1. Over the stretch 1-91, with a single point scatterer placed on each C-alpha, what log10 of the ratio I(q)/I(0) does the Debye formula yield at q = 0.10, 0.14, 0.20, 0.25 1/Å?
2. Keeping to pairs on different chains or 8 or more places apart, tell me how many lysine pairs in the stretch 20-81 have Cα atoms under 19 Å apart.
3. Could you work out the relative contact order of the chain, using alpha carbon pairs under 8 angstrom and six or more residues apart, expressed as a whole percent?
4. Let me know the charge dipole size of the stretch 1-129 about its Cα centre in debye, to the nearest 20, where only the beta-carbon of Lys, Arg (+1) and Asp, Glu (-1) is charged.
5. When the accessible area of the chain is computed with all protein chains present and a 1.4 Å probe, what percentage of it is carbon and sulfur?
6. In whole Å, what three semi-axes, largest first, describe the equivalent ellipsoid of the chain built from its Cα gyration tensor (square root of 5 times each eigenvalue)?
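The values are calculated or read from the model by the stated rules, or taken from the named source; none is laboratory data. Everything numeric here is computed off the predicted structure, so don't read it as measured data. Cβ placement follows ideal geometry from the backbone for every residue including glycine, while neighbour counts extend to all protein chains displayed. All accessible areas refer to the heavy atoms of the entire protein, side chains included, with ligands and DNA or RNA removed. Shrake-Rupley method; radii C 1.70, N 1.55, O 1.52, S 1.80 Å.
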Amino acid sequence: DSIFISPISNNSTESQAADDIKIELESSIINENILKLLPLEDSGSKLEIILLNVTDLPYSYTTQNISSIGYETLNEKEIKISVKVTWYDLIDNLLLFDKMFSGSGIYDPNQEDIGSDGIDNDNDTYIDTDDDDEFGPSRESAIKIASKKISNQIINEIVSTW
């Protein structure tokens, strides 16, 4: 009936992603009243997360031909985050699950604000002001979107395992 979330072990160079995942996960557990969030010594279970990888790669281009020379312009980039999550039952000394999760967010590197880039950054069919999680600096917001997707996957796995 309770959980302790260990500090996230970060094997990437992206510190924001680890912070965003932990904040989003703790917020979801508290807001959705899934389990009690307690210190390790008082908790019945422990969640360990290892941030394995954060990539920030080109996602889409536009090609133009000028004087028979082809030019490519980068339109969008994609942040992908991969984590390994292990959940332990501390009372019965059992491994509840050990799984990999990943999430992504798309952004326009030429736009300062993700809320005005005209892109469905999280693939939920909503764009910019119609989407409540598309706001703020583009790259940082794409990391938050990817982190939220991972948090939701972890929560779903906890609920289905429990």
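1. Computed log10 I(q)/I(0) values: -0.42, -0.62, -0.95, -1.19.
2. Working: 22/36; 22/46; 22/80; 36/46.
For the stretch 20-81, qualifying lysine pairs total 4.
3. Details: 347 pairs, mean separation 34.9, N = 162.
It rounds to 22 percent for the chain.
4. Values: 7 positive and 25 negative charges, 94 e Å.
With Lys and Arg at +1 and Asp and Glu at -1, about 460 debye.
5. Details: 4280 of 8970 Å².
It is 48 percent, rounded to a whole number.
6. Details: eigenvalues 269, 51, 28 Å².
After diagonalising the Cα gyration tensor, the semi-axes are 37, 16, 12 Å.
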